[in-house]
Amino acid sequence: MTFRAGHNHLFIPGPTNVPEAVRMAMNQPQQDQRGPDFGAFVLGIMADLKPIFGTTRGTIMLFPGSGCGAWEASIVNTLSPGDRVLMARHGHFSTLWARMAEDLGLEVEAVDVAWGAGTPVNEFARRLAADREGRIRAVFVTHNETATGVTSNVAGVRAALDASFHDALLFVDGVSSIGSIPFRMDDWGVDLAVTGSQKGLMSPAGLGVLGVSEKALAASAKAGLRRSFFAFADYAVSAKTGYFPHTPPTAVLHGLRAALNRIAAEGLDQVFARHARLAEGIRAGVAAWGLQPCAEHPSLASNTVTAIRTPQGVDAREVIRIGLERFNTSFGSGLAQLAGKVFRIGHLGDLNEGMCLTALAVAEMSLRAAGARLALGAGVAAAQEIYERTAPVVALAAE
Ligand SMILES: *Cc1c(COP(=O)(O)O)cnc(C)c1O
């Protein structure tokens, strides 16, 4: 591999930076996952995940796998072949989830909107109200579309379901939102809340994490899709005992334990406030460059990732290549139809103002080298103004 001094600046929206304390915590000898102390260890992790999901009533399930594994687990456990489900396609991840639903034998009623738009709440409301026979069995929302940097209104979809007294299950992909921006599983009546270990939870990939409502658990007893490895019947027992039906990735669990300790030490509300503040600085930087975010409207802009459209004639792939080759900095690529048109700055997980300023500084140089016309320092200065005003003053504790 090419020698590069210093450390790689990782600004992709997942996997995210894994804090040193988390990496150290994973350096463990293998251990007996059926040993007498292991169950309590896992139960502690599940208990600490609940406030991050915004649930007291839900069940947390930890699957060996990734976010997409938890997508699959959510579907195969609660739905039956041919069930009609309402989904929107407005980016790469929402599109892939719809494809998975089709692959698994569901009848997908897909609403296509622009990549850069959010979940079309009004259109969902119209279709739910028109569905008097209750043929739609589930509604899917991608809370944070990581490909476009768009956050959707889950509460609005819940309100639409309630307004038409519809009892469809509500599925929410929170892979790039949970742990970074507020997520209220109970308040929003989310039945299946999906995430993975490697984004807001600041751990390596290896676990799909699912919040399951009581209604979804009840549905799993009657659902007709086939399942085996991901069967809720087994994982509901796990949620009570802390013992897995299969061998879990114990190193990742130790990392996740340390990451949850960090979230507790910072305070969940402070974690959310930090993400909002950092994102505001990134957006100010992009605006100062005169570039457009992919998000169609400021109200949709995500606090965990910003997708930036490069100017006409500037290949976003070049920006990413130059960022890595010359400045040892990784930006997220444009996915599927956005390839070459967009690059992304991931700003979730373990990061701070200085890191975001580095992202903007390197992006400026990379954009210019790829042919964009912008003044060096413009975006950095705009973000500095935000951070100068908003960064909290934390008194150094005398120990
Ligand atoms: C990353 C991501 C996924 C995929 O998760 P994997 O852990 O890579 O399987 C799904 N949805 C969204 C919104 C994501 O950001």
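Values quoted throughout were computed directly from the atomic coordinates according to the rules given, and no laboratory measurement underlies them. Keep in mind that what you see is a predicted model, and the values were worked out from it rather than measured. No Cβ is skipped: glycine too gets one built from the backbone with ideal geometry, and neighbour counts run over all protein chains shown.
Translational diffusion coefficient, Stokes-Einstein: compute it for the range 157-286 using the Kirkwood radius over C-alpha pairs as Rh, at 4 °C and 1.567 mPa s, and state it as an integer in µm² s⁻¹. Working shown, then result.
Details: Rh = 16.9 Å.
For these conditions, the coefficient is 77 µm²/s.
Here the spin labels are modelled as points 7 Å beyond Cα on the Cα-Cβ line, and at Leu396 and Ala381 they lie 3.1 nm apart. A Förster distance of 25 Å, applied to the separation of the beta-carbon atoms of Arg132 and Ala336, puts the FRET efficiency at 0.10.
Loop-resident trypsin sites (Lys or Arg not before Pro) (DSSP state other than H, G, I, E or B) in the range 330-399 with no more than 10 further Cβ atoms inside 10 Å of their Cβ: Arg373.
Listed by chain and number, the lysines whose alpha-carbon sits under 16 Å from that of Lys50, ignoring those within fewer than 8 places in the same chain, are Lys240.
Debye-formula intensities of the chain, expressed as log10 I(q)/I(0) at q = 0.09, 0.13 Å⁻¹, are -0.54, -1.09 (one equal scatterer per alpha-carbon, no solvent). Under the simplified labelling scheme, the Ala236-Ala110 pair shows an inter-label distance of 3.2 nm, with each label point 7 Å from Cα along Cα→Cβ.
The relative contact order of the chain comes to 23 percent, based on Cα pairs under 8 Å that sit 6 or more residues apart.
For the range 268-390, the dipole from Cβ point charges (+1 on Lys and Arg, -1 on Asp and Glu) about the Cα centre works out to 300 debye, to the nearest 20.
The long axis of helix 121-130 is offset from the longest Cα principal axis of the chain by roughly 20 degrees.
Ellipticity at 222 nm from helices only: DSSP H runs of n ≥ 4 in the chain, each -39500 (n - 2.57), divided by the residue count, give -13000 deg cm²/dmol.
Note on Phe229 and Asn122: with the Förster distance fixed at 51 Å, the Cβ-Cβ geometry gives a FRET efficiency of about 0.85. Given their separation in residues at 0.36 nm each and the Cα-Cα distance between them, Ala47 and Lys222 gain 60.3 nm when the chain is fully extended. Extension gain for Arg373 to Gln270 (0.36 nm times residue separation, less C-alpha to C-alpha distance): 33.4 nm. Simple spin-label estimate for Ala287 and Asp162 gives 3.2 nm between the two label positions (7 Å along the Cα-to-Cβ direction from each Cα). When peptides 358-365, 85-92, 257-264, 22-29 are sorted by average Cβ neighbour count within 10 Å, with the highest value leading, the order is 85-92, 358-365, 257-264, 22-29. Within the range 20-264, DSSP assigns beta bridges of which about 45% are antiparallel (rounded to the nearest 5).
Electrostatic tally near Arg158: other residues with Cβ closer than 14 Å to its Cβ, Lys and Arg +1, Asp and Glu -1, net -3.
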